[in-house]
1. Could you compute the FRET efficiency for E146 and K462, with r as their C-beta to C-beta distance and R0 at 45 Å, rounded to 0.05?
2. If packing is taken as the average count of other Cβ atoms within 10 Å, what order do 266-273, 282-289 fall into, highest mean first?
3. Which value results when the Cα radius of gyration for the chain is divided by 2.2 N^0.38 Å?
4. How would you rank 71-82, 106-117, 153-164, highest first, on the average number of other Cβ atoms within 10 Å across their residues?
5. In whole Å, how far is the Cα centre of the range 412-443 from that of the range 305-337?
6. Please label the shape of the range 1-139 as rounded, prolate or oblate, based on the square roots a ≥ b ≥ c of the eigenvalues of the alpha-carbon gyration tensor (a/c under 1.5 means rounded; beyond that, a/b larger than b/c means prolate, else oblate).
7. Calculate, for E368 and F123, the FRET efficiency according to 1/(1 + (r/R0)^6) with r their C-beta to C-beta distance and R0 25 Å; round to the nearest 0.05.
8. Would you kindly state how much longer the chain becomes between E437 and S405 on full extension, computed as 0.36 nm times their sequence separation minus their alpha carbon distance, in nm to one decimal?
Amino acid sequence: MNITLTSDNLLEIASDATLLAVTEEETNTVLNTLVSSDFLTKTSFTGKRGELLLLTSPLSVRSPFAILVGLGKASELNHEAFRVAFAKGIRKVRSLKLDSVAISLNQYPMNVAEGVFLGLYRFDTLLTQNKESRHDIKSIILSGNETSFSEWNKGVIFAEAQNNARFLGEMPSNIATPSYFVQKTKELFEGIGQVTIEDHDENWAKEQKMGAFLSVAKGSDEPAKFLIVNYKGNPSSQNTDVAYVGKGITFDTGGISIKPSSGMGAMRGDCTGAAVAISTVYGIAKLGLNVNVVSVTPLTENMPGGHATKPSDVVFASNGKSIEVDNTDAEGRMILSDALVFTEQKFAPNTVIDIATLTGAMMIALGEHYVGAFTNSDSVWEQLKHAGELSGEMFWRMPLDTKYSKQLESTVADLKNTGGRPAGSITAAMFLSEFVENENWVHLDIAGVTWPSNPVDYKPKKGNVGMPVRALITFSEKLTS
């Protein structure tokens with residue numbers, strides 16, 4: 001796609017369509033310049049958030065089409081209003097099979113870019129038929145200046161990072177194996193400075209005594225991987241500011257505790273935590289932020305097989321704790337336990353954030369709109385909450401209380417990997433806390449937000465949404481200010 005910047009007034013730009021975002025208060029004024037008074041009395045468009053109006057042969061515009069999208073009330077104007085408006089608008093441009101569009105950068109240019117590129121994303125990589133019907137916009141002409149263009153480019157990076165997480169999380173598992181994850185990650189970071197990538201195999205994991213991680217990998221013929229991406233944006237410091245630890249189950253059958261077949265295909269996305277962690281570091285590195293961050297992602301399938309771990313087996317994590325495997329479908333916490341221990345020992349980060357599609361209980365608790373956040377730090381929670389508000393990716397703080405640990409008690413090991421149905425997302429977080437010493441730790445359960453049943457606005461109409469990449473980039477960005 002060709003993107004050009006001009007100082008010309010938006011209405012004077014020659015393109016196939018002009019995309020205008022308007023508040024409720026300015027709707028009539030804008031319409032007065034574009035349509036006849038007769039049309040003005042007939043239209044029901046009021047500028048409410050998410051409203052859209054297509055005008056053909058508009059007055060005072062060089063484009064044959066003008067697309068108006070509502071921002072809502074001026075008093076309620078925010079970042080999210082622009083993401084929503086421009087996602088809707090750009091999708092309309094594409095649906096009309098138009099090649100070029102003109103956009104103004106006079107307000108919230110970063111969020112305009114996010115809306116455009118998040119809205120344009122679609123997972124069509126594997127389609128081979130009817131390619132000619134899948135239209136792509138070829139040119140975007142931006143009305144603005146160098147300052148607003150810089151903010152636009154920043155928003156493009158935020159969107160690209162999130163779209164990468166969507167892509168990795170949606171790719172079928174016969175393609176997106178652990179080895180594929182490693183390959184795509186190396187390709188993603190090509191040409192980006194201050195980044196080192198390590199990928200380790202199962203023999204290395206054995207040397208690290210990662211018995212919990214390997215207990216999940218045992219059932220699969222697909223080789224497990226342990227992937228580390230380290231970005232040193234502040235080379236003068238030896239400290240790691242944030243470590244992002246992502247659950248990377250590239251397909252989850254449940255193992256011996258096998259899942260019902262209905263809906264199991266969605267478990268190709270059980271690697272979304274890893275996809276988010278990697279994509280977050282990508283966004284941070286592409287922006288060149290003055291921070292040191294690392295992503296740590298254990299990658300494996302969870303399969304039933306002749307060598308698979310069985311319920312009642314006892315395994316040992318890398319910190320020496322013994323774990324009774326009560327349910328092999330509680331595998332995410334197993335691989336994360338060793339990853340968390342390794343991350344603290346290797347990098348001693350100031351803050352650790354793990355991301356996982358961990359429990360169905362989180363979907364029951366919070367539904368599809370908030371990420372469940374468990375943390376032992378009030379200050380980190382406030383920073384994360386603020387980052388979520390800025391990005392439109394909202395967090396809700398959940399209890400992290402030792403009262404729930406009793407449900408994890410085992411008669412044969414130090415703890416069990418499940419605590420039963422009550423408070424399932426909380427007991428999962430309490431399990432992970434057994435492998436964390438860091439005083440600034442956050443566990444994010446993204447199971448509820450990853451595959452929304454009724455996605456809206458700039459989210460894909462179907463498939464993985466890649467949350468909360470932009471919030472986590474914002475979190476790291478705010479550490480530099």
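Read the figures in this text as sums done on the coordinates, not as results from a lab. Values in this document were obtained by computation on a predicted structure and should not be read as measured data. Cβ placement follows ideal geometry from the backbone for every residue including glycine, while neighbour counts extend to all protein chains displayed.
1. 0.75
2. By packing density, highest mean first, the sequence is 266-273, 282-289.
3. It is 1.04.
4. 106-117, 153-164, 71-82
5. Going from one Cα centre to the other spans 13 Å.
6. It is prolate, given that a/c is not under 1.5 and a/b is the larger ratio.
7. Step by step, r from the Cβ atoms, then E = 0.85.
8. Contour length minus the Cα-Cα distance gives 9.9 nm.
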